[in-house]
Each structure stands twice: as C-alpha cells, then as structure tokens.
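The values are calculated or read from the model by the stated rules, or taken from the named source; none is laboratory data. A quick note: this is a predicted structure, and the numbers were derived from the prediction, not measured. Using ideal geometry, Cβ is built from the backbone for each residue, glycine included, and neighbour counts are taken over all protein chains shown. Keep in mind that these areas ignore ligands, DNA and RNA; they rest on the heavy atoms of the full protein, side chains included. Shrake-Rupley method; radii C 1.70, N 1.55, O 1.52, S 1.80 Å.
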Amino acid sequence: MASPEITPESGETGDGPRAGTASFLVLANRLPVRRVTGVDGTGWETSPGGLVTALAPLLAGRTDAQWLGWSGTTGTDEDGSIEVDGISLVPVPLSRGEVELFYEGFANRTLWPLYHDSIVRSEYHRTWWDAYRTVNRRFAKAAAMWAAPGAAVWVHDYHLQLVPGMLRELRPDLRIGFFLHIPFPPVELFLQLPWRRTITEGLLGADVVGFQTEGGAANFRRLAGLVTEAEVNDHEVTMRGRSVRVETFGIGVDTKTLESMAADPQMQARAKEVRESLGNPERVLLGVDRLDYTKGLARRLRAFRELLEEGRLTVGRHVLVQVAEPTRENVRDYADFRDRIDRMVGEINGDYGEVGAVPMHYLHRHHDLEELVALYLAADVMLVTAVRDGMNLVCKEYVATRTDDSGVLVLSEFAGAAETMVDALLVNPYDIDGLKLAIEQAVTMGPDAQARRMSALREAVVASDVHRWADAWLDALGVAR
Ligand code: ADQ
C-alpha cells in the first residue's frame, strides 16, 4: 500500500494528520510477526497464536487493510508499511525506555495484576503512566494517518485503552471498536487506579467496547456510570450525546483447523509415541500455560503433590506433563514465579520419582501448535486452573481436538471459558481439597461419562469458534468481507 504523504514525525508535531487509504485497521500492541536477526541479516517471523490465526485470513490479500503494532525490538523500524504473508503491516516504534515504562511497567505491573484480581500488588508510578499516554498517542496518530475517511479501526487489549478516545479526537469520522482480551475487574478494584477516569473515558471513545464475558461487560458498564457522567441503559452507554455499545464477544479457537490436525494419522501416531515415551501410564494429565502467576500453576502442583503423598495418584500409573511457555522474563514477579515453580517441580520429582519413572515432566519452552495438538491427543485429563483468566484458549483447543469425545477437562471457575464450558469439572482453584477431588474424579471417570461431558463441551466450543467471533466484530464495525 502506498504511504500517506505525511511521515510519523510530522504526524507527531504537525497540524494534525490527514487521511490515508486503509479502510480497515487492526491495532494491537504487537504485530503478528516479530523481527528476527539471523546470519543473513534481519527478517520477519510469524508469531503464532489465537489472535493471529483469527485475523490473518481476514487481512491477508486485502489491499485496503492494515495491522499496526510494535515489532518487538527497540532498533530502528523503517517508516511506512511492509508486507508479510500478504498482510500489510505498519511497525510502531518503541524506545528501550518505553519498553520498560510502558510495556513492562504500566501494562504488565500496573494493569495486568489489577485486572487479574490483584493477585500480586499493582504498582502505580506517574512516570509509567506518562509513558503509557505517550505510546497510546503514538498509536492513535499512526492510525489517524493511515485510515481512509470513514474507515473502521479495531483496537486490541489493555495496552491501548486510551487509543479510542485519542483517535476519536483526531478523526471523528472513523468507526472504532475496542476488544479487551483479559478480564475487566470489579469496580471495587478498578477504583484504586489513580487514572481511572481517563482510562474509562479513553475506552468510551469507541463505538463498540467488547469484553470476553458478561461479567467483564457488566463491571465496565457499572464503572462508566460511576466515574463519568455517562448514562447507562442496558447494553448502551451514552456520553456527551454519543452512544457506545458495551457487549460480550467471547473469543474462540479455530475448531476446523484443530479438528483436521487431530484427524491426521501422523499426528495420532505422534500422540501414541508421546504416551509410549512416558511409559504408557494409565492416565496422562496435561497442563499448557504461559508461565504466568495468573494461571494457577502453583496450586495445581500443590494438589498434584498432595495426591501423590496420599497415594491417591501413583507414580508409573499417573503422569503429569506441564508445558510452560516462557513469558515476560524481564518483569521481576515473573522471574520470582519461575524460580518457585522450578523448585516445586524439583521437589515433586525428587521426593516421589523412581529410577525409570518420574511423577511429572516439565517443559519450559515454546511449543508449536503441532506439538501441542499431539500432547492434547495424548492427554486423558487437561488441567486448567487459572486463578483469573480473560478466556483461556488452551481448554478450547484441547476440547476441539477430542473428536472421539474421550478425555476430561478440569476447568477453573475463574477462567472466562467457564461461562460457556459448564460441562467441564469446574473447580475453585483456591480450594485445594476441591481441586484434588476433581483431579481424582477426572482420572477415574469412565468412558460414558467422559463422552457425555466432552460432546457437550465440543458443541459449546464449535458454537463460539474464532471465526464467529471475528464475524461478529466485522458486523459490529461495518466492515465488508
Ligand atoms: P494468554 O494469557 O496467552 O492470552 P491463552 O488464551 O490460554 O492465554 O493462550 C493463548 C495461546 O498461547 C493458545 O493458543 C496456546 O496454544 C498458546 N500457548 C499457551 N501455552 C503455550 C506453550 N507452552 N507453548 C506454545 N504455545 C502456548 C490472553 C488472555 C486469555 C485469552 C487470550 C485470547 O490472557 O485469557 O484467552 O488472550 O483472547
């Protein structure tokens, strides 16, 4: 796509941005690719994940669409757009200082914990907030510069909550949507935030504000009525004569792709190999998470350890595979958490392992979707015990691959997915005894009960798959397919 006439620099300081030519823009903290440096110089590598899988087909080959986001490096990003896999991408630069203050600071040490029940304490620093505003303004200006008159702009996640309001000021002609991937907290917690009104008004700059669950949407509507002069009626919030739709758009997974991966004979052979290499135990239990303190890993390991201790699980007959994706390792809370989990895993294997049989396998590295699907197929029991999670796609991926209706899902009540996946064994992860009972029930459940639950779960996951979610958003934003 041809660059609009003004450069990002003139967009920052000039007499206001002029319209570009993109009629549909996606804004997210990260681009769907990251810059990598190899022996042949630098290039781009696709970063896999649910959002990319959902949006890539919508944007690929569309000459009128663009994705704006950070490239993941603090080096120099060239001005203008680049094309990767048929998608037009606009890198938004961040300096090293901004990565610290905006990304590691305000996004991941102020907002992330606050929006996840304050599991760890949020820190409030004015310098972090200043960086958050600066980066949000940069995104808003870039969008204003690239968007055609009347374009639709779809803003994603907690990193960019001020963008809708800032963008509306610059370009009142645009149709703006905002989707929050993480939970939206109860008012009682949100009110701690010194900048609560500015963030609420920033979000209300959108035409449509979407949340993963009914609970999140209700929390936001109540907040809007409290900290702004907005009037709240059912799903509509009216402020200064403008109406904003506040609704639930629960995200899903690409069920068709997952089903066809699961049907591949090579994949099934790989799953069999996995079970063999684990010593063909009676029951394989699986956890797959980013190594984040919100995912309830410590509680899961505690329950597992106690079940071994009490002889309710047996080494050799039962084995736990825990895949942990490295994440945010520059943030102190995450480094501390990693140390704690490393220690717990070491103690479990040290105390209960035997020569030739360990209670658990811990894989702390990235796994491709192919590798995850082989594990999903190999697992009799999937453990999702988040203490708070916006949705949780892992449990939906597991269910989508269980096309023979076998397998048991143990699911935290505090993952957004629990709102629709009511046929899982739902647990309160804070209740260790309840969690132990659910794990025991899962490993002993017979094939009929498994099939009854799993077929109902599969129906729920198919009915809310990622393409339906994307279609609902395109309708809400008035974007032509
Ligand atoms: P996440 O917190 O990253 O996402 P989740 O939804 O479970 O959580 O996972 C996202 C993706 O990462 C999944 O597709 C999964 O396959 C992949 N993944 C997880 N662990 C992995 C591993 N060890 N190796 C490789 N890949 C792994 C945020 C919110 C969620 C919300 C999503 C989407 O926190 O609540 O569901 O966004 O909106």
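Ignoring lysines fewer than eight residues from residue 436 along the same chain, the ones with Cα atoms less than 25 angstrom from its Cα are 295, 396. Ordering 195, 308, 449 by Cα displacement along the dipole of the chain toward the positive end leaves 195 in first place; charges were set at the Cβ atoms of Lys, Arg (+1) and Asp, Glu (-1). For the stretch 255-463, the relative contact order works out to 25 percent when only alpha carbon pairs closer than 8 Å and six or more residues apart are counted. The relative contact order of the chain comes to 13 percent, based on Cα pairs under 8 Å that sit 6 or more residues apart.
Farthest toward the positive end of the dipole of the chain, out of 335, 224, 249, is the Cα of 224, where the dipole comes from beta carbon charges about the Cα centre.
Computed about its Cα centre, the charge dipole of the chain is approximately 680 debye, with only Lys, Arg, Asp and Glu carrying charge at their Cβ. For helix 369-378, what angle does its Cα long axis make with the longest principal axis of the chain, in degrees from 0 to 90 and rounded to 10? The helix 369-378 is inclined about 30 degrees to the chain. Take each peptide in 125-136, 443-454, count the other Cβ atoms within 10 Å of every residue, and average; sorted highest first, the result is 125-136, 443-454. Helix 214-227 and the long axis of the chain differ in direction by around 40°, with both axes built from C-alpha atoms. Here is the size of the stretch 233-292 from its Cα atoms: Rg then Dmax, 22.2, 66 Å.
Rounded to the nearest 20, the Cβ-based charge dipole of the stretch 186-336 about its Cα centre (Lys and Arg +1, Asp and Glu -1) stands at 280 debye.
Of all DSSP-defined beta bridges confined to the chain, some 25% are antiparallel rather than parallel. If you find the alpha carbon centre of the stretch 442-481 and of the stretch 126-200, how far apart are they in angstrom? Computed from Cα coordinates, the inter-centre distance equals 29 Å.
For the stretch 255-463, a simple Cβ point-charge model (Lys and Arg +1, Asp and Glu -1, everything else neutral) yields a dipole of about 120 debye relative to the Cα centre. The residues of the chain expose, per residue, 41 Å² of accessible area to a 1.4 Å probe. Taking label positions 7 Å along the Cα-Cβ direction at both residue 192 and residue 118, the computed distance is 0.4 nm, reported to one decimal.
Overall, the ratio between the Cα radius of gyration of the stretch 255-463 and 2.2 N^0.38 Å, rounded to two decimals, is 0.95. Suppose each label sits 7 Å from its Cα in the direction of the beta carbon; what would the residue 35-residue 455 distance come out to in nanometres? It is 5.4 nm.
Each of the peptides 37-46, 231-240, 211-220 was scored by the mean count of other Cβ atoms within 10 Å over its residues; in descending order, highest first, they stand as 211-220, 231-240, 37-46. Counting protein heavy atoms only, the chain has 48 percent of its accessible area on carbon and sulfur, 1.4 angstrom probe.
Peptides 361-372, 413-424, 392-403, 251-262 ranked from most to least packed by the mean count of surrounding Cβ atoms within 10 Å: 392-403, 413-424, 251-262, 361-372.
Compactness of the chain, taken as the C-alpha radius of gyration over 2.2 N^0.38 Å, stands at 1.00.
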